[in-house]
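J.: Here's a structure for you.
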Amino acid sequence: MNSVFEVFQATAARRPDAPFLCVPARAQRDYCPEGAEFSYQWMLDQALAAARGYAEAGYGHGHRIALLLENRPAFFVHYLALNSLGVAIVP
């Protein structure tokens, strides 16, 4: 395995229903104020869908992208999607 996405995908294949990300409840937060749990399979499905969109837009190996996202579930979707295409995520 060579990439973060490949390791993630292998784990998702072994444990699709296991929790990948748990967000505790916090009423003041503008996302998941009631809390949420995201499984490996859910995150994989979201990442693959996002990767299709990025690929259709022309992004792929050798490109560099900066993500301007807070520390929230969407960050992981886009990070994994881009990593699956060989795109470098830069700070």
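Coordinate-derived values only; no laboratory data. Quick caveat: nothing in here was measured; it's all calculated off a predicted structure.
J.: Taking H placed 1.01 Å from N in the peptide plane, check which residues at least 5 places from ARG72 or on another chain put their amide H under 5 Å from its amide H.
T.: Here nothing satisfies the definition.
J.: Can you give the translational diffusion coefficient of region 4-90 in µm²/s, computed by Stokes-Einstein from the Kirkwood radius over Cα pairs at 10 °C and 1.306 mPa s?
T.: Rounded, D is 116 µm²/s.
J.: Taking 0.36 nm per residue of sequence separation and subtracting the Cα-Cα distance, how much length would be gained by fully extending the chain between ASP30 and HIS63, in nm to one decimal?
T.: Extending this stretch completely gives an extra 8.8 nm.
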